[in-house]
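This report refers to the structure that appears directly beneath it.
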Amino acid sequence: MDHGAPIIENLFGIPWLSIDLSSAMMMVVSCLIVFILAVLATRNLKMKPTGIQNFMEWVVDFVKKIINDSMDWRTGKVFLPLALTLITFIFISNILGVIVIGVYDGDIWWKSPTADAGVTLTLAGFMIIMTNFYGVKMRGTKKYAKSFVKPVFFILPFKLIEEFTNTMTLGFRLYGNIFAGEILLGLIAEMAFVTLPIAFIGALIPMILWQGFSLFIGAIQAFIFTTLSMVYMSHKVENH
Amino acid sequence: MQHVVIGAAVGGLHIGNIIVTLVSFTALIFLLKRFAWGPLINVMEEREHFVATELETAQEKRVEADQAIKEADQKLDHARKEAKQIVIDAKKSATTLEENILSEARETAKKMRQDAEDEMAVERQEVLQEMQSEVADIAFQIAMDIIQKEISPEDQKRLIQERLDHLGEDNS
């Protein structure tokens, strides 16, 4: 497990710009896979749905229900594409690292992009910024600002801290789950090649079990991330 | 070793990764909205709309059908009543016609009988008259036959003369 990460410091000679190439690559790969799958699945749509369209419509209904649970459908309708992208992207990202972990020259290249704290925190931060953006857009600046001092003015610091902690918990929850899953997958894989050939067979069963569980975790985490994002969103865009 | 693993994998926050994540994820949102979710949601909404319209149309059609059935029932009822009336009228007119025909027949029969009786009376009269004259003739003949045997031609001549004289007397 003592693999490193392909980090490049001082990218383009800019001192503060560093990049983890594997995360960046996996991020782009994940986006591409999600995009291609989604576009393939929604090709030649029909009024009478068949096969893959049924599945995609089930996904849409599922996300619709997530949004409906946290806010009124009339306000929540706008967020349907966003929530759909979130849940599909995070789910695909989560299971990318479950299927296989690619190591090249001592560095991990193929893994879940969501097993990188930088990526998940960025996603979480992006979502929190989106909630505030839509809060201003849908309720107006005055009402939005007022929501920070409701019900009493001295709640303001707590509300500000809440924005920060929401970002942290949202990002780290996803990262922790997926990262831990990959560590254990790596440990089991390492165990298979320790000494005896018998260990390979011994490692097979926990490997299968943990991969199955990781798939489950990946789905659950995608669901949780999307649900919480929508709940935070509802706090900002709905009048209380 | 544990320290190395965690340290290496977490690796701190890299500005480059943040930029890549933001750019690619934002692009993904817009691209998916444009090419996947948009059309999919549209189709679903279209279907919802379609189903709603169809249901409404079906409701309307049902109301119309109910009304049509009611109307048809009314018409049928009306037709039945009319038919009944027609039958009653026909029966009535048939009865009248029957009576007319009967009375006419009766009258005709009566008239025919009357005519026959009249004719018979005339005929009888004629026959009677004919018979009277014939009987007279026959009687005369018989009388002549009887008389001829006893009267001579001279007497006959005289008798005729006498008669002629009488006639002349009667005429004057």
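The values are calculated or read from the model by the stated rules, or taken from the named source; none is laboratory data. What you are looking at is a predicted structure, and each value in this text was computed from that prediction instead of being measured. Heads up, the Cβs are rebuilt from the backbone with ideal geometry, glycines too, and the neighbour counts pull from every protein chain shown. Surface accessibility is based on the protein's heavy atoms, side chains included, excluding ligands, DNA and RNA. Shrake-Rupley method; radii C 1.70, N 1.55, O 1.52, S 1.80 Å.
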Original post:
Which one of the conditions (1) out of contact with any Asp or Glu (no Cβ under 8 Å at 6 or more places or on another chain); (2) at pLDDT below 90; (3) facing another protein chain (nearest Cβ under 10 Å); (4) open to solvent by 60 Å² or more (accessible area, probe 1.4 Å) does residue A:37 fail to meet, given that it meets all the rest?
Top reply: (2)
**OP:** Kindly check whether there is at least one residue in region A:143-158 that is assigned to a helix (DSSP H, G or I), open to solvent by less than 30 Å² (accessible area, probe 1.4 Å) and of a type in the set (A, V, I, L, M).
**Re:** no
Original post:
Yes or no: residue B:34 out of contact with any Lys or Arg (no Cβ under 7 Å at 6 or more places or on another chain), more than 7 Å from every other protein chain (Cβ to nearest Cβ) and farther than 28 Å from residue A:60 by Cα?
Top reply: no
Original post:
Just one of the numbered conditions (1) at pLDDT 85 or above; (2) farther than 18 Å from residue B:25 by Cβ; (3) surrounded by fewer than 21 Cβ atoms within 10 Å (Cβ to Cβ) is not true of residue A:105; which one?
Top reply: (1)
Original post:
Does residue B:47 fit the bill of being assigned to a helix (DSSP H, G or I), open to solvent by 80 Å² or more (accessible area, probe 1.4 Å) and either at pLDDT 90 or above or under 30 Å from residue A:58 (Cβ atoms) (or both)?
Top reply: no
**OP:** Can you tell me which residue within region A:40-60, out of those that are open to solvent by less than 50 Å² (accessible area, probe 1.4 Å) and hydrophobic (A, V, I, L, M, F, W, C), is farthest from residue A:93 (Cα to Cα)?
**Re:** A:45
Original post:
List pairs: first in region B:149-163 and surrounded by fewer than 11 Cβ atoms within 10 Å (Cβ to Cβ), second in a helix (DSSP H, G or I), Cβ under 7 Å, 6+ apart or cross-chain?
Top reply: none
